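Worksheet: the structure to be examined is printed underneath.
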Amino acid sequence: MAVVGILPVNPSFAVFGKVGLFAWEAKAEDVTLGLPFSDLATGTDFSAGLGMSFHFTRNLSARVEWERFGLTGYDFDLGHVELLSLGMVYRF
């Protein structure tokens with residue numbers, strides 16, 4: 001879940017920022033010297049992102065977006081994950 005703030009620069013171009021919460025799950029399984037190992041971690045953390053969109057028409061847009069997701073557990077820190085995406089948006 002995220003809140004997005006959009007700033008139109010002109011009729012064809014806009015920039016946006018977003019902050020939110022997300023739920024995650026990390027699972028690890030391995031067998032070393034015949035000994036099985038498995039672990040499961042879950043959490044809920046903050047996310048943030050920045051992006052821009054270009055509007056080709058009133059209904060069709062392209063957007064590029066960077067997002068960062070934190071991954072912290074109860075007794076450990078898995079760091080973070082960053083995502084760079086390019087997408088198309090069609091509004092009905």
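In the set (1) farther than 21 Å from Leu7 by Cα; (2) open to solvent by 100 Å² or more (accessible area, probe 1.4 Å), the condition left unmet by Leu71 is number (2).
Residues in segment 9-34 that are under 17 Å from Phe69 (Cβ atoms) and open to solvent by 50 Å² or more (accessible area, probe 1.4 Å): Val19, Leu21, Ala23, Glu25, Lys27. Out of all the residues in segment 48-67, is one or more β-branched (Val, Ile, Thr), out of contact with any Gly (no Cβ under 9 Å at 6 or more places or on another chain), surrounded by fewer than 12 Cβ atoms within 10 Å (Cβ to Cβ) and over 18 Å from Ile6 (Cβ atoms)? No; the residues of segment 48-67 include none that is β-branched (Val, Ile, Thr), out of contact with any Gly (no Cβ under 9 Å at 6 or more places or on another chain), surrounded by fewer than 12 Cβ atoms within 10 Å (Cβ to Cβ) and over 18 Å from Ile6 (Cβ atoms). Filtered by the rule that a residue be acidic (Asp, Glu) and open to solvent by less than 70 Å² (accessible area, probe 1.4 Å), segment 36-47 gives a lone residue, Asp45.
The values are calculated or read from the model by the stated rules, or taken from the named source; none is laboratory data. Computed from a predicted model, the values in this text were never measured in an experiment. Cβ coordinates were reconstructed from backbone atoms using ideal geometry, including for glycine residues, and neighbour counts include every protein chain displayed. Note: accessible area is taken over every heavy atom of the protein model, side chains too, but ligands, DNA and RNA are not part of it. Shrake-Rupley method; radii C 1.70, N 1.55, O 1.52, S 1.80 Å.
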